[in-house]
């Protein structure tokens, strides 16, 4: 019994030593794994830091480039807005000028209409056929009176020759009156005719709209 007990104790001791050996080996393996893991993690952190630095550097350069582009675009937009403001001011000024010119044009149109109407009335007054007719009627009445006068008196040949000479002269002067009327036709000076003439005149290149 004692021998068996000793053998059992010895076997237990051997198993215990083997277990301790296996535990030590396992602990060594875990330590190696831990060291490799720490090394890999350190490399990872180092690589991550390098990548972050490079990314920050590249992003910073890109951001500066984009900021420069934005600044240039803002400058261009500002210049365009200023140009638009200048053009709007110029357009407003031109609109005022056009309004002023139109007002002056209306004043000149009224003035021209007034002058045209006055001239037309003067032409109608001095070119009235009645003025010529009255004068001719006076001449005709003088001749009628002269006809009646000579018909009741006696005359010699010299008086007849003298009357013949005046007849030819008066006839020639009356022909001059008729010729003068023919070569001086009255023009239409009315405002309606003047406006029609203006509408038919072709516009110059400076006045075309």
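The values are calculated or read from the model by the stated rules, or taken from the named source; none is laboratory data. Computed from a prediction, not measured in an experiment: that's the story for all the values here. Cβ atoms come from the backbone with ideal geometry, glycine included; neighbour counts cover every protein chain shown.
Looking for whichever is surrounded by 10 or more Cβ atoms within 10 Å (Cβ to Cβ), under 60 Å from the mean Cα position of the chain (by Cα), modelled with pLDDT of 75 or more and assigned to a helix (DSSP H, G or I) here; the options are 52, 64. Which one fits? Exactly one residue qualifies, and that residue is 64.
When each of 148, 90 is tested for being surrounded by 10 or more Cβ atoms within 10 Å (Cβ to Cβ), in a helix (DSSP H, G or I) and out of contact with any strand residue (DSSP E or B) (no Cβ under 7 Å at 6 or more places or on another chain), the lone residue that passes is 90.
Is it the case that some residue within segment 126-144 is at pLDDT below 85, touching a helix residue (DSSP H, G or I) at 6+ places or on another chain (Cβ under 8 Å), assigned to a helix (DSSP H, G or I) and surrounded by 10 or more Cβ atoms within 10 Å (Cβ to Cβ)? No, there is no match, as no residue in segment 126-144 is at pLDDT below 85, touching a helix residue (DSSP H, G or I) at 6+ places or on another chain (Cβ under 8 Å), assigned to a helix (DSSP H, G or I) and surrounded by 10 or more Cβ atoms within 10 Å (Cβ to Cβ).
A Cβ distance below 8 Å, combined with a sequence gap of six or more or placement on separate chains, defines the contacts here; from segment 118-129, residues that are touching a residue at least 24 places away in the same chain (Cβ under 8 Å) reach residues that are in a helix (DSSP H, G or I) in the pairs 120/191.
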